[in-house]
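Heads up, the thing below is written out as structure tokens.
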Amino acid sequence: MICGGASRRVRTVEIGGGGYTGRVASVQVEPRILRFGAFELDVRNSQLRRGGVLVKLAPQQFRLLRCLAENPGHLSTREEIQQNIWGAEVFVDFDRSLNVCIAQLRSALNDDSEAPRFIQTVPRRGYRFVAPVERVDDAPPPPAPPRRVRPWIAIFAVALCAAAALFAWRAAQPPARAMLAVLPFENVTHRAEDAPVLAGLLDELLTQFGTAVPGRLGVIGRTSVMHYSGHNPGLPQIARELGVAYVIEGDARFDGGRLRISARLVDARDQRTVWAETYEQSQSGIFELQEDIAASVTAGVVRTLFPDAAVVRTRRPTADAYQAFLNGRYWQSKDARQALEWFEQAAQRDPAFAAAYSAIAETETGFALSGTANGHAEFEKARSAAQQALRLDDASAEAHNALARVLFWHDWNWTEAQRHYQRALAANPSFAQAWHDYAFLQVATGHAEAGVSSLRRAIALDPLSARVNVDAGWVLLQAHHFSEAQAHANRALELEPGLREAEACIARARFYSEPADDAALDFYRRRTADPRAYNRALAAAVLGRNEDEIVALEAAFDRHDVQMPLIASEPAFASLAKDPRFRAIKQKLQLTEP
């Protein structure tokens, strides 16, 4: 093992031209840079950098880190380290000095002895460097003997080099619209009580990035990035699955009443760290720190990718209101009623907290669209909360989207619904929920292909979401794209096995594209007694009972059934297209032909 000295390899180079061919003497080549994780160890200049930022190390710490990093996977015994790093400086307390030096290195690397990413302790024997190390050798090859070059060859070579340089420069620039994924931060200390804090940080980052530079930065949705919580298949695979060029990753350590968070922006194309920063604060101000971290990370990344863009910080809520809001976000996917209680507490604790009212409106529309008996009251609560949020922050994408849902599904006001959907998407073009909500309106009002286009934007922004994929199935069903509807509903089942809504979507799509079997017909015969008039109309349509179909649709209109906006696009009602009574219902809804 070479430890503390330069790793070298022999290189023999053949040169020729001008009537001369031969070999030059062997040269000694050593790697200039050792790369691991977000770090670069500059061997020649004795420097450690993280994302281009210098990390201070004492000479002995640098030599020890180099010793370990130059021999990844190798067990460096304490005796070898003593001989190669300390050398003649032998003294009685070597073990303590080595332990202190290792602890200082772990602190500089933000490493953890219990779950090491870089330096692993092998009890009573020594240490092993466990991270992959990339060796970068920038030593130039030996010069070739001078030779005469024809002028036209020189001109061509210069032009070729210039073109290659231009291509490389363009490839290194962020695209006009960069796609970014914010991965869940690793909880290094593995304490369950810290999960809401990291979940809140992720939500805050997604929100801030989504609205930072509209139209220039696309951000993958929460559901898809949470797919990688607890496991990391590697950045190249993540980039392929999510269709992104950049990834933000990081880790958090809760220790002794303090929180330490490291964040990195990585170019997924070459796994190069583009930007990195570390934050530390006492846990007494953890919620303020969380918001500050999200704002600082957003500003740092945006300045790196788009130097000409400006990032505007929003008003900070009170700490207790923000804590309640984060608790609501944590519960949102687990228990929506529990989440709503937390959002209401957040609004009570800080009546000027726009995001709390937006979350209330979003949750209430979810209840109303599930077809509960209190649908009208829930829509009205959502309207009131969304309007209050917009009075406080007219640029809230979530509030505009929630209000648009009320206007579309409850008020049947297509023009105003479209206006608010478009305001939501202008404020946050990475808002996958708004894209697929808007797709429903477009398909329902006769603009099927525009709706399918919006839907595909939603899928691209949240490709691993079962919710997005099953909703895609329903939108595609309404657009009469039956095979695509089945494909996305099947994808939803892969992501969430047993999802009954996806199974129902598959059955419906198959019914319209294939001959109906007895099982499907029996299902619809049972639904002729469904308490919801719209479902009775669907069953009557499938069974060819046009008279019952019209009666049920008129009842659904009178009862203001939440599904009525879909009657013009619903494939089951195609046979009624020329029936004057059906056309009269569409006219009352103002659902005219496009």
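The values are calculated or read from the model by the stated rules, or taken from the named source; none is laboratory data. For clarity, every value in this text was computed on a predicted model and none was experimentally measured. Don't worry about glycine lacking a Cβ; one is built from the backbone with ideal geometry, like all the others, and counts go over all protein chains shown. Protein only, heavy atoms only, side chains kept; ligands, DNA and RNA dropped before computing areas. Shrake-Rupley method; radii C 1.70, N 1.55, O 1.52, S 1.80 Å.
General remarks:
- Annotation: amide H-H contacts under 5 Å for residue 186 (H modelled 1.01 Å from N, sequence separation of 5 or more, or interchain): 250, 251, 252.
- Base-10 log of normalised Debye intensity for the stretch 424-486 (one unit scatterer per alpha-carbon) at q = 0.30 Å⁻¹: -1.30
- Between residue 56 and residue 419, the simple label model (points 7 Å from Cα in the Cβ direction) yields a spacing of 5.9 nm.
- Sequence-ordered 3J(HN,Hα) estimates for the stretch 210-227 from the Karplus curve with 6.51, -1.76 and 1.60 and θ = phi - 60° stand at x, 10, 5, 9, x, x, 10, 10, x, 10, 5, x, 4, 4, 5, 6, 5, 4 Hz, glycine and proline given as x.
- Accessible carbon and sulfur surface of the stretch 377-490 relative to its total accessible area, %, 1.4 Å: 51 percent
- Measuring only protein heavy atoms, the 1.4 Å probe finds residue 197 accessible over about 20 Å².
- Accessible surface for residue 308 stands near 120 Å², nearest 10, in the context of the full protein assembly shown (1.4 Å probe).
- Ranked by solvent-accessible area (1.4 Å probe, protein heavy atoms only, all chains present), the residues 251, 471 order from largest to smallest as 471, 251.
- Solvent exposure of residue 421, expressed as accessible area, is near 0 Å², computed with a probe of 1.4 Å over the protein chains only.
- Of 95, 112, 518, the order by accessible heavy-atom surface (1.4 Å probe, DNA, RNA and ligands excluded), from most exposed downward, is 518, 95, 112.
- Percentage, to the nearest whole number, of Cα pairs in the stretch 308-435 over 18 Å apart: 52 percent
- Radius 11 Å from Cβ of residue 191, net charge of other residues (Lys, Arg +1; Asp, Glu -1): -2
- Projecting the Cα atoms of 550, 563, 577 onto the charge dipole of the stretch 528-594 (Cβ charges, centred on the Cα centre) puts 577 farthest toward the positive pole.
- For the stretch 383-465, a crude dipole built from +1 on the beta carbon of Lys and Arg and -1 on the beta carbon of Asp and Glu, taken about the Cα centre, is about 40 debye to the nearest 20.
- Annotation: amide H of residue 258 within the under-5 Å range of 283, sequence separation 5 or more or interchain, hydrogens built in the peptide plane.
- Å² of accessible area per residue within the stretch 184-338, as computed with a 1.4 Å probe and no ligands counted: 43 Å²
- Amide H to amide H distances under 5 Å link residue 464 with 224, where only residues 5 or more positions off or on other chains count and H is placed in the peptide plane.
- Each residue of the stretch 241-254 was assigned a 3J(HN,Hα) from its phi angle through the Karplus curve 6.51 cos²θ - 1.76 cosθ + 1.60 (θ = phi - 60°); the sequence is 5, 9, x, 10, 9, 10, 9, 9, 10, x, 8, 10, 10, 9 Hz, with glycine and proline shown as x.
- The mean accessible area for residues of the stretch 374-420, using a 1.4 Å probe and ignoring ligands and nucleic acids, is 40 Å² per residue.
- Summing charges over neighbours of residue 318, with a neighbour being any other residue whose Cβ is under 9 Å away from its Cβ, gives 0 when K and R count +1 and D and E count -1.
- Taking the Cα centre of the stretch 445-515 as origin and assigning +1 to Lys and Arg Cβ atoms and -1 to Asp and Glu Cβ atoms, the resulting dipole is close to 60 debye.
- Here the 3J(HN,Hα) profile of the stretch 413-430, calculated from phi with Karplus coefficients 6.51, -1.76 and 1.60 at θ = phi - 60°, is 9, 5, 5, 5, 4, 4, 4, 6, 4, 5, 5, 4, 6, 5, 6, 9, x, 9 Hz, Gly and Pro shown as x.
- Solvent exposure of the stretch 442-481 as accessible area per residue, Å², 1.4 Å probe: 29 Å²
- Whole-percent carbon and sulfur share, accessible surface of the stretch 514-594, 1.4 Å: 49 percent
- Those lysines that a straight Cα-Cα span of less than 22 Å connects to residue 588, excepting residues fewer than 8 apart in one chain: 578
- The stretch 465-567: trypsin sites (Lys or Arg not before Pro) falling in loop per DSSP and having at most 14 other Cβ within 10 Å: 559
- Summed side-chain charge close to residue 533 - residues other than residue 533 whose Cβ falls under 9 Å, Lys, Arg +1, Asp, Glu -1: -1
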